[in-house]
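Working notes, beginning with the structure itself.
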Amino acid sequence: MIIKNIHYIGSIPSVPKREMILLRLGYKKNTTTLSEEQEKFLESGIRSALSLCRLSGVYGRFAIVERSESHIKLENGKKFESASLAKLLSNSDEVMLMASTAGKTIVDRIRSEVSTGNAALGVIMDSTASQAADAALGWLMEFINKTIRREGCKLTKHRYSPGYGDLLLINQKIIYDMLELSKYGVELTEKYMLVPEKSVLAIAGIERIEAYE
């Protein structure tokens, strides 16, 4: 019998890749050039943002009880309407719901920089925090994989988040409630946006590892 609990990790030791931060900022390799002063400003902004990120995460495991080509239904009756998600989970009998956040401190700092006229620094910090939250989800998936591998299981290579493809943003409410994120300082607005805004929700499938692997 598998016991399905909600797990909270209060400090995630994840560092986003610099090239991913630059990609979010619109920099193109071998095309975008920076002066020495601009390079120093950029690196200082990234370091400052990372020092203010308080990465944490929550994850929970739930059984799939019904599926079709256009939806999956979980053990508590909650249903995700998405053909893309259903395809991703075609070989899964369970899902892992996950959340990560960079915390409130960095979001407050970004707003402060923008409101005081330092928009350039604010944009650098914003991109860094966004990538940090994504990287924390990646770390979380690696951590979970190490745990469930003992059972002969693994997560799907890809994860899927509400607001992408045909999985509507309203589905954030399902994940938010099932992971009980209100207990961990994360809020959900009436328009299904997360607060702090540098927070990410995602779904991955749990698959059996084939014998030949």
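The values are calculated or read from the model by the stated rules, or taken from the named source; none is laboratory data. Keep in mind that this is a model prediction, so the values were computed, not measured. Every residue, glycine among them, receives a Cβ derived from its backbone with ideal geometry; neighbour counts consider all protein chains shown. Quick note on the areas: whole protein, heavy atoms, side chains included, nothing else; ligands and nucleic acids left out. Shrake-Rupley method; radii C 1.70, N 1.55, O 1.52, S 1.80 Å.
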Mind counting the residues in the stretch 144-163 that are in contact (Cβ under 8 Å) with a residue 60 or more places away in the chain and among the hydroxyl-bearing types (Ser, Thr, Tyr)?
-> 2
Write out, first by first residue and then by second, each pair whose Cβ atoms fall under 6 Å of each other, whose residues are 6+ apart or on separate chains, and whose first residue, in the stretch 183-212, is under 15 Å from residue 172 (Cβ atoms) while the second is part of a loop (DSSP other than H, G, I, E, B) and open to solvent by 70 Å² or more (accessible area, probe 1.4 Å).
-> 202/159
State whether the residues of the stretch 6-29 include one that is open to solvent by less than 80 Å² (accessible area, probe 1.4 Å), farther than 19 Å from residue 102 by Cα and among the polar types (S, T, N, Q).
-> no
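When you check residue 47 against the structure, is it more than 20 Å from residue 197 (Cβ to Cβ), of a type outside the set (Gly, Ala, Ser) and open to solvent by 50 Å² or more (accessible area, probe 1.4 Å), yes or no? Lay out the reasoning, then the answer.
Working: more than 20 Å from residue 197 (Cβ to Cβ): yes; of a type outside the set (Gly, Ala, Ser): yes; open to solvent by 50 Å² or more (accessible area, probe 1.4 Å): yes.
So residue 47 fits the description; yes.
To keep it simple, each residue is scored yes or no on (1) among the aromatic types (Phe, Trp, Tyr); (2) within 30 Å of residue 83 (Cα to Cα); (3) at pLDDT 90 or above.
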site: 14; (1), (2), (3): no, no, yes
site: 27; (1), (2), (3): yes, no, no
site: 33; (1), (2), (3): no, no, no
site: 37; (1), (2), (3): no, no, yes
site: 41; (1), (2), (3): yes, no, yes
site: 44; (1), (2), (3): no, no, yes
site: 50; (1), (2), (3): no, no, yes
site: 57; (1), (2), (3): no, yes, yes
site: 68; (1), (2), (3): no, yes, yes
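Going by what's in this entry, would residue 14 be described as of a type in the set (S, T, N, Q) and not in a loop (DSSP other than H, G, I, E, B)? Walk me through how you get there before you give the answer.
Details: of a type in the set (S, T, N, Q): yes; not in a loop (DSSP other than H, G, I, E, B): no.
No, not satisfied.
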Answer yes or no: is there a residue in the stretch 162-169 that is modelled with pLDDT of 95 or more, open to solvent by 20 Å² or more (accessible area, probe 1.4 Å), part of a helix (DSSP H, G or I) and not small (Gly, Ala, Ser).
-> yes
Filter the stretch 78-132 down to residues that are outside any helix (DSSP H, G or I), among the hydroxyl-bearing types (Ser, Thr, Tyr) and under 30 Å from residue 152 (Cα atoms), then give me how many there are.
-> 5
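Keeping to the stretch 110-126, report how many residues are open to solvent by less than 10 Å² (accessible area, probe 1.4 Å) and either closer than 17 Å to residue 23 by Cβ or over 24 Å from the mean Cα position of the chain (by Cα) (or both).
First, pick out the residues of the stretch 110-126 that are open to solvent by less than 10 Å² (accessible area, probe 1.4 Å): 122, 125.
Filter again for either closer than 17 Å to residue 23 by Cβ or over 24 Å from the mean Cα position of the chain (by Cα) (or both), leaving 125.
So the answer is 1.
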State yes or no: is residue 176 assigned to a loop (DSSP other than H, G, I, E, B), open to solvent by 20 Å² or more (accessible area, probe 1.4 Å) and touching a helix residue (DSSP H, G or I) at 6+ places or on another chain (Cβ under 9 Å)?
-> no
Find all pairs meeting these conditions: Cβ atoms under 8 angstrom apart; at least six residues apart or on different chains; first residue within the stretch 28-47 and closer than 17 Å to residue 126 by Cβ; second residue of a type in the set (S, T, N, Q).
-> 45/128; 46/128
